[in-house]
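Take a look at the structure set out below.
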Amino acid sequence: MPTQHKIDLVTELTDKMQRSQLAIVADYRGFTVAELTALRAKLRANGAEFIIAKNTLLRLAARNTGKQGIEPSLEGPTAVVFAYGEIGKVAKILLDASKALPKPLTVKGGMLGLSPIKADGLDAVTKLPTREQALAQVLGGIAAPVSGVVGVINAVVTNVALVIQARIDQLQPAGESAA
């Protein structure tokens, strides 16, 4: 029979996993408390959380959210980074922290939305556009055809005006000017 504490932990992990856009599973062994605290602070400042949890509880949370693709990564001592905001920025922080720490952070895998990513997939996540860049690309794609249509309509109106002006000039006797 599960304890109330474990039920609460699974509920909390389910909520975090449901809200996260990116979940990265890593091995935290070999790091000091100070190193992990500094990493947690950096991640928190960028809309992410670094949590150490039991694999069984994480598996239950993954099943509750339909993110079972993360389960193969849940072996051995496990820490999970849940990213709620700019996932590219969070992935970059993890990669940079891994290089800066005396022992590299071992990424086991993770989930990007509902798609599992492999251990080496974190580098690809850093190359994803930010939310603002993605919106700008979408708006650019929408605006380009509209501006093309406006340009064509403007050209037609300009050509009509030029033809009318040329006809007016033809009909006026030489020496008179249009008022």
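Once you keep just the Cα pairs under 8 angstrom separated by 6 or more residues, what percentage relative contact order results for region 4-72? List each step's numbers first, then the result.
Values: 29 pairs, mean separation 34.1, N = 69.
Here the relative contact order equals 49 percent.
Kirkwood Rh, region 4-128, all Cα pairs: how many Å? Working shown, then result.
Details: mean 1/r = 0.0702 Å⁻¹.
For region 4-128, inverting the mean 1/r across all distinct Cα pairs yields 14.2 Å.
Among 76-82, 63-69, 18-24, 149-155, how do they line up from the highest to the lowest mean number of other beta-carbon atoms within 10 Å? Kindly include the intermediate steps, with their values, before the conclusion.
Working: 76-82: 19.7, 63-69: 16.1, 18-24: 21.4, 149-155: 10.0.
Sorting 76-82, 63-69, 18-24, 149-155 by mean packing, highest first, produces 18-24, 76-82, 63-69, 149-155.
Each value in this text was obtained by applying a stated rule to the coordinates, not by laboratory testing. Computed from a prediction, not measured in an experiment: that's the story for all the values here. Reconstructed Cβ throughout: ideal geometry from the backbone, glycine too, with neighbour counts over all protein chains shown.
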